[in-house]
Amino acid sequence: MLKLAEKYGDRPAEEFPMLFQRILQNTIRDFYRRSRVRSLWTTLLSTFSAADDEDHDPLETLRIDDGPKTPESALLQAQTLSLIDGEIEKLPTRQRQAFLLRYWEEMNVAETAAVMGCSEGSVKTHCSRATHALASALSAKGIEL
């Protein structure tokens, strides 16, 4: 309702039902798209966390100085990080920039677009393509998502 009032308040009243329906559909689609991407990376990075740790932030475990508990888990983590790093390096430049700014630097779409000097739609496209490329490359190397 707020989007309708903010963006289309000057339109005739007979257009409101159609506009509201379209805004609602797009908002729902955006929500599920975002949750699918978040779920993908949360699932991938959750392999680094302890099973009983509910407040775990998966990105925090990527710091090497936190040191895993056993030599086996240290080796597994180092190998997985190396694979992820290698696949990120293989991405095209714009996809790599968008991916790292959005997910590693935790910038929002507008901030990322400003840094990259492109539109917000381009940032979303680059991030989506990078995510799908990384997911398929890592799955092919045995990292299950």
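Readers should treat all values here as calculations from the given coordinates under stated rules, not as data from a laboratory. Since we're looking at a predicted model, the values are computed, not measured. Using ideal geometry, Cβ is built from the backbone for each residue, glycine included, and neighbour counts are taken over all protein chains shown.
A few points about this structure:
- Charge sum, other residues only, whose C-beta stays under 13 Å from Leu24's C-beta, Lys/Arg counted +1 and Asp/Glu -1: +2
- Highest-first arrangement of 19-32, 74-87, where packing means the average Cβ count within 10 Å: 74-87, 19-32
- Karplus 3J(HN,Hα) series, Hz, for the range 12-24 with 6.51 cos²θ - 1.76 cosθ + 1.60 (x for Gly, Pro): x, 4, 6, 7, 4, x, 5, 5, 4, 4, 5, 4, 4
- Phi-based couplings in Hz for the range 84-96 (Karplus 6.51, -1.76, 1.60; Gly and Pro marked x): 4, 4, x, 5, 5, 5, 7, 5, x, 3, 5, 5, 4
- Electrostatic tally near Val115: other residues with Cβ closer than 14 Å to its Cβ, Lys and Arg +1, Asp and Glu -1, net -1.
- FRET efficiency, Leu24 to Leu76 (Cβ-Cβ, R0 35 Å, nearest 0.05): 0.20
- Packing rank of 10-16, 125-131, 108-114, where each peptide gets the mean count of other beta carbons within 10 Å, highest leading: 125-131, 108-114, 10-16
- Listed peptides 88-95, 99-106 appear in the order 99-106, 88-95 once ranked by packing, highest mean of other Cβ atoms within 10 Å at the front.
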